[in-house]
1. Which helices (runs of 4 or more DSSP H) sit wholly inside segment 148-260 and have at least 2 residues that are aromatic (Phe, Trp, Tyr)?
2. Tally up the residues in segment 263-279 that are in contact with a helix residue (DSSP H, G or I) (Cβ under 7 Å, 6 or more places away or on another chain) and within 6 Å of the ligand (Cβ to nearest atom), please.
3. Can you confirm whether segment 316-326 contains a residue that is of a type in the set (Asp, Glu), more than 30 Å from ALA166 (Cα to Cα) and assigned to a loop (DSSP other than H, G, I, E, B)?
4. Within the group ARG49, ARG67, ARG100, which residue is open to solvent by 10 Å² or more (accessible area, probe 1.4 Å) and within 12 Å of the ligand (Cβ to nearest atom)?
5. Out of the residues in segment 70-88 that are within 9 Å of the ligand (Cβ to nearest atom) and either modelled with pLDDT under 90 or in a helix (DSSP H, G or I) (or both), which is surrounded by the fewest Cβ atoms within 10 Å (Cβ to Cβ)?
6. Looking only at segment 1-25, which residues are open to solvent by 40 Å² or more (accessible area, probe 1.4 Å), away from the ligand (no atom under 16 Å from the Cβ) and not in a strand (DSSP E or B)?
7. Out of the residues in segment 243-262 meeting the condition of being more than 15 Å from the ligand (Cβ to nearest atom) and of a type outside the set (A, V, I, L, M, F, W, C), tell me which one is surrounded by the fewest Cβ atoms within 10 Å (Cβ to Cβ).
Amino acid sequence: MTSSAIKLTVLPGDGIGPEVVSSALKIISAAGVRLEPDVQVAGAQAFQRGVESGVPADTIASVERTRLVLKGPLETPIGFGNKSANVTLRKFFETFANVRPVRELPGVKTPYAGRHIDIVVVRENVEDLYAGIEHMETPAVAQCLKIITRPGCEKITRFAFEYAMAEGRHKIHCATKSNIMKFTEGLVQHTFEDISKEYASIEARHILVDNAAHQLAMHPEQFDIILTTNMNGDILSDLTSGLTGGLGFAPSANIGSDVAMFEAVHGSAPDIAGKNLANPTALILSAIMLLRHVGEGNAASEIEHAVLVTLESGVRTGDMEGPRAASSTTEFTDAIISNLGKKSQLAKPREFERINVPPASKEVGHVNVTSRAVVGVDVFIESLEYPAQIGPVLQRHAKGTGVDLKVISNRGTAVWPELGHGTSLVDAYQCRFVGSGAVGADVTDAQILDLLQRISNSYRWVHIEKLQRFDGKDGFSKAQGES
Ligand code: NAP
């Protein structure tokens with residue numbers, strides 16, 4: 001029995017959310033943990049009320065007060081309309097670490113049974129393509145910025161190692177696509193390699209994310225912790241859920257330096273909502289993570305044992321295979337409650353210490369360099385002309401500005417001075433200008449503005465990127481085929 005009640009914000013969410021959240025709360029209460037829930041709204045109900053972010057001010061105020069959230073899934077309109085309320089919550093409270101553990105569970109039939117899968121995906125939760133910075137460059141061309149930062153990489157990497165220490169794990173694979181995206185995914189790999197030196201007792205390996213997917217399907221038991229970016233982690237963690245019984249068994253935690261939010265990996269499953277059919281295990285396991293996070297380790301282990309005993313005794317919801325008739329959400333919940341105090345013979349909860357979460361920094365994150373230079377500029381233009389027509393026009397405009405046209409590319413492939421065979425063109429061109437002055441002389445803002453002014457007489461320019469060098473290293477990629 002806890003001495004004082006745990007204050008938390010409860011977001012029942014959409015679809016099956018209220019059913020699985022209520023199951024978890026009932027079990028926690030039956031285990032003797034006193035909660036003081038502040039029930040709030042987010043997701044579909046908020047969108048219907050016209051709250052664009054999907055997260056009303058009252059909900060934000062509640063989370064600011066409690067700094068602890070148990071949440072059901074929130075619906076997101078797909079492919080149009082509002083932003084995801086889930087992403088809003090994760091970003092607003094800077095819950096930078098998304099922890100998604102899966103393990104083989106007794107009584108849960110999968111093709112991998114007997115291979116002792118026990119994997120945690122630690123997914124960076126606020127950066128990457130999910131920063132949500134998208135633009136239509138032209139009516140035909142969409143762009144999404146992939147933002148990866150050194151401070152963000154350091155924080156999530158340290159978190160992954162601290163998590164490994166807290167759970168007594170021994171190995172971390174960092175999964176990236178650094179062979180293709182050398183700056184963004186490369187930054188993740190390099191930061192991992194740097195920080196891993198501070199944690200000599202933990203084996204640190206890099207793996208390409210496509211190979212990680214293949215290895216997960218072939219030999220999943222080799223993985224312990226997989227540290228990865230937001231998008232990779234979203235996909236890999238659904239894959240790992242599939243290895244161990246499906247979304248009904250996959251819990252998650254969104255952890256920041258200040259706020260922690262616990263939820264199932266699954267969504268609102270509208271097809272079974274309100275029918276008392278949902279499997280509440282994922283949300284219950286998420287609630288167990290919440291209890292461990294606030295220091296209620298004994299209650300957490302008691303509930304975990306009760307879940308394991310229930311599963312190994314063959315009680316199941318409709319999403320699981322099994323010889324016995326499927327139980328409803330409420331029957332399954334009551335079975336767990338009746339098993340509180342019993343110990344599983346087949347599996348046991350992991351020993352767990354509190355995670356040493358990296359503190360929030362009040363500084364503006366940055367990396368110090370000793371030298372920097374601007375060696376050119378990429379100007380992105382919209383045009384229906386062919387590269388052979390655009391090149392001479394831009395060369396003429398550049399004359400006397402202090403920069404020369406070097407290359408024009410289209411969807412990342414060089415198309416001027418030479419147009420490759422079979423390259424399809426769209427109406428968005430990247431035109432690279434480099435300084436024509438003394439080697440090492442900076443291209444100035446005045447030169448760039450002069451160039452833009454001239455280009456705008458012929459073409460609609462969309463945006464620019466300066467070509468920068470930091471400590472003598474190019475901070476920009478070359479187009480495919482650029483020399
Ligand atoms: P989903 O809600 O996870 O459901 C996919 C399917 O998985 C369901 O149709 C159901 O399959 C099964 N399923 C998921 N959870 C289950 C459970 N607890 N018990 C039994 N079966 C379960 O994925 P979705 O259909 O792609 O997404 C629906 C909505 O949820 C979308 O609006 C999406 O944006 C949102 N979403 C929210 C979150 C979040 O809040 N964190 C996460 C993911 C998706 P059967 O057909 O076999 O019944």
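The values are calculated or read from the model by the stated rules, or taken from the named source; none is laboratory data. This one's a predicted model, so the numbers in the text were calculated from it and none came from an experiment. No Cβ is skipped: glycine too gets one built from the backbone with ideal geometry, and neighbour counts run over all protein chains shown. Note: accessible area is taken over every heavy atom of the protein model, side chains too, but ligands, DNA and RNA are not part of it. Shrake-Rupley method; radii C 1.70, N 1.55, O 1.52, S 1.80 Å.
1. Working: elements: 150-167, 184-196, 209-218, 230-243.
In segment 148-260, the matching helices (runs of 4 or more DSSP H) lie at 150-167.
2. Kept after step one, since they are in contact with a helix residue (DSSP H, G or I) (Cβ under 7 Å, 6 or more places away or on another chain), are these residues of segment 263-279: 263-266, 268, 276-279.
Among the residues that remain, those that are also within 6 Å of the ligand (Cβ to nearest atom) are: 263, 266, 268, 278-279.
Count: 5.
3. First, the residues of segment 316-326 that are of a type in the set (Asp, Glu): 319, 321.
So of that shortlist, the ones also more than 30 Å from ALA166 (Cα to Cα) come out as 319, 321.
Adding the requirement that they be assigned to a loop (DSSP other than H, G, I, E, B) leaves 319, 321.
For segment 316-326, residues of a type in the set (Asp, Glu), more than 30 Å from ALA166 (Cα to Cα) and assigned to a loop (DSSP other than H, G, I, E, B): present.
4. Working: ARG49 fails: within 12 Å of the ligand (Cβ to nearest atom); ARG67 fails: within 12 Å of the ligand (Cβ to nearest atom).
Result of the check over ARG49, ARG67, ARG100: ARG100.
5. First, the residues of segment 70-88 that are within 9 Å of the ligand (Cβ to nearest atom): 71-78, 84-86.
Next cut, either modelled with pLDDT under 90 or in a helix (DSSP H, G or I) (or both) only: 76-78, 84-86.
On the way: THR76: 21, PRO77: 12, ILE78: 7, SER84: 19, ALA85: 29, ASN86: 22.
By that ranking, first place goes to ILE78.
6. Result: MET1, SER3, SER4.
7. Per the stated criteria, the residue is ASP258.
So that you can scan it fast, the table gives a plain yes or no per residue for (1) among the basic types (Lys, Arg); (2) over 15 Å from the mean Cα position of the chain (by Cα); (3) farther than 25 Å from MET181 by Cβ:
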position: ILE202; (1), (2), (3): no, yes, yes
position: ARG205; (1), (2), (3): yes, yes, no
position: ALA213; (1), (2), (3): no, yes, no
position: PHE223; (1), (2), (3): no, yes, no
position: LEU227; (1), (2), (3): no, no, no
position: SER237; (1), (2), (3): no, no, no
position: ILE255; (1), (2), (3): no, no, yes
position: ASP258; (1), (2), (3): no, yes, yes
